[in-house]
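Peer 1: Right, I'll just put the structure down here and ask away after.
The values are calculated or read from the model by the stated rules, or taken from the named source; none is laboratory data. Small disclaimer: the values here were computed from a predicted structure and weren't measured. Cβ placement follows ideal geometry from the backbone for every residue including glycine, while neighbour counts extend to all protein chains displayed.
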Amino acid sequence: MHPEPQLRRIAAQLQSVEALLDEGDEKLGRRAPRVSAWSVCEQLDHLTKVLERALALLASGPPRLGRGINLVGRVLLAVGRLPRGIGKSPSAVRGVERPESELRGALARVRVLVASVDGAGPALVGRHPVFPHPYFAGLTPAQTLRFLVVHTDHHLRIVADIRRATGV
């Protein structure tokens, strides 16, 4: 799998995140407990943290991992959807309330990393696992990019449901 289509999808998703940030702190703070324990801001903070960490790893030319993707990871990446409320976010990437200006800074860093990863070319088509996922085990660069698209979409869907539930 070539990385450009996944990187284009991530870039489009980042435009959606930016549009949400344009609405300001009040709307970012919206919550709908029946949809998610996290606010819109916490969802966006989490997804930018995950993007930033994974893309930075890919851009750095990471070492190979010993173990590849497991069956659960294969199925969920093939289906392209993550189930809600099952996986727990590692503490390092847990979403927190932050001002819109800080989220914009994170978004800018992610965009720089997307460009950096896009320039990595041949390193991204490797078939060896390089990204350690807490539930899926080791992901290849292509699987990592696919995961980032699916994961970001998952959280943007939750944000859309929070917004609907709160009348935004």
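Peer 1: For region 62-110, name all the residues that are over 27 Å from E42 (Cβ atoms) and not in a helix (DSSP H, G or I).
Peer 2: P62, P63, R64, L65, G66, R67, G68, I69, N70
Peer 1: Further question: Would you tally the residues in region 140-168 being in contact with a His (Cβ under 7 Å, 6 or more places away or on another chain) and modelled with pLDDT under 95?
Peer 2: Counting residues in region 140-168 that are in contact with a His (Cβ under 7 Å, 6 or more places away or on another chain) and modelled with pLDDT under 95 gives 1.
Peer 1: Quick check: anything in region 107-127 in contact with a Lys or Arg (Cβ under 8 Å, 6 or more places away or on another chain), among the aliphatic types (A, V, I, L, M), closer than 23 Å to P63 by Cα and modelled with pLDDT under 90?
Peer 2: Within region 107-127, not a single residue is in contact with a Lys or Arg (Cβ under 8 Å, 6 or more places away or on another chain), among the aliphatic types (A, V, I, L, M), closer than 23 Å to P63 by Cα and modelled with pLDDT under 90.
Peer 1: What's the total number of residues in region 68-94 that are among the polar types (S, T, N, Q) and farther than 19 Å from T48 by Cα?
Peer 2: Selection size over region 68-94: 1.
Peer 1: Restricting to region 54-104, what's the tally of residues that are under 13 Å from the mean Cα position of the chain (by Cα), surrounded by 15 or more Cβ atoms within 10 Å (Cβ to Cβ) and not hydrophobic (A, V, I, L, M, F, W, C)?
Peer 2: Counting residues in region 54-104 that are under 13 Å from the mean Cα position of the chain (by Cα), surrounded by 15 or more Cβ atoms within 10 Å (Cβ to Cβ) and not hydrophobic (A, V, I, L, M, F, W, C) gives 1.
Peer 1: If I ask for residues that are out of contact with any helix residue (DSSP H, G or I) (no Cβ under 8 Å at 6 or more places or on another chain) and under 17 Å from L148 (Cβ atoms), which ones from region 78-107 would you list?
Peer 2: A78, V79, G87, P90
Peer 1: Okay, next question. I'd like to know if region 39-48 contains one or more residues that are polar (S, T, N, Q), more than 27 Å from F131 (Cα to Cα) and touching a residue at least 12 places away in the same chain (Cβ under 8 Å).
Peer 2: Yes.
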